[in-house]
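The values are calculated or read from the model by the stated rules, or taken from the named source; none is laboratory data. These numbers were taken from a predicted model, which means no experiment stands behind them. Because the Cβ atoms are built from the backbone with ideal geometry, glycine has one as well, and the counts that use them run over all protein chains shown.
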Amino acid sequence: MDEKLRIALPAKWRPESGDDTFLALPNPVGCITVYPPKMVARLEEKVAAIGLGDIQGQMVLAKLFSKADTFCCDGKGRIKIGEKLIKHGVLSNEVLLVGGGSTFNIWNPEKFKNYVQGESSRDVASILQELGL
């Protein structure tokens with residue numbers, strides 16, 4: 001991350017149009033999850049399905065979106081992360097981008113190392129089994 005809080009994305013993760021909007025959310029495990037433009041509409045549909053009468057759901061959305069950020073890539077393929085998300089992820093000049101299939105995560109490298117080491121092979125195996133892999 002540079003001094004202006006910008007992170008360069010790998011070319012294959014960048015949208016074809018620079019006007020496409022990404023959505024970044026604080027992930028409860030301590031990283032930042034970024035939804036690329038093609039996934040934002042799907043997420044919006046899911047959020048819209050949470051009714052006003054769902055008090056717990058509304059509270060979670062309020063907490064989640066109070067730190068959320070939207071942004072586009074600049075001409076050099078960089079994104080700029082907001083201060084609330086930087087604090088959430090405990091990010092500094094060195095960050096780690098980890099692909100997650102349809103999303104990607106931005107990690108503090110040390111936090112990622114601790115997170116991955118905390119996973120047991122049994123946990124990973126059960127998740128892979130649930131996914132049918």
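Across the range 82-94, the qualifying residues are those that are of a type in the set (A, V, I, L, M, F, W, C) and in contact with a Lys or Arg (Cβ under 8 Å, 6 or more places away or on another chain), and the one among them that is surrounded by the most Cβ atoms within 10 Å (Cβ to Cβ) is 85. Taken together, the residues in the range 1-55 that are touching a residue at least 40 places away in the same chain (Cβ under 8 Å), of a type in the set (Val, Ile, Thr) and not in a strand (DSSP E or B) amount to 2.
When the range 30-46 is limited to residues that are touching a helix residue (DSSP H, G or I) at 6+ places or on another chain (Cβ under 8 Å) and not aromatic (Phe, Trp, Tyr), the one that is nearest to residue 71 (Cα to Cα) turns out to be 36. Checked against (1) touching a helix residue (DSSP H, G or I) at 6+ places or on another chain (Cβ under 8 Å); (2) surrounded by 10 or more Cβ atoms within 10 Å (Cβ to Cβ); (3) not charged (D, E, K, R), residue 116 meets all criteria but (1). The condition (being within 18 Å of residue 21 (Cα to Cα), exposed (fewer than 12 other Cβ atoms within 10 Å of the Cβ) and not acidic (Asp, Glu)) is satisfied by just one residue among 53, 75: 75. Being surrounded by fewer than 13 Cβ atoms within 10 Å (Cβ to Cβ) and either at pLDDT 90 or above or in contact with a Leu (Cβ under 8 Å, 6 or more places away or on another chain) (or both) holds for only one residue in 48, 62, 41, 68, and it is 62.
The rows are residues; the columns are (1) assigned to a helix (DSSP H, G or I); (2) more than 17 Å from residue 9 (Cβ to Cβ); (3) in contact (Cβ under 8 Å) with a residue 60 or more places away in the chain.
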residue	(1), (2), (3)
64	yes, yes, no
84	yes, yes, no
88	yes, yes, yes
101	no, no, no
111	yes, yes, yes
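Residues of the range 66-82 that are hydrophobic (A, V, I, L, M, F, W, C) and part of a loop (DSSP other than H, G, I, E, B): 68, 72, 73, 81.
Does residue 97 meet the test of being in contact (Cβ under 8 Å) with a residue 60 or more places away in the chain, surrounded by 11 or more Cβ atoms within 10 Å (Cβ to Cβ) and touching a Lys or Arg at 6+ places or on another chain (Cβ under 9 Å)? So residue 97 does not fit the description; no.
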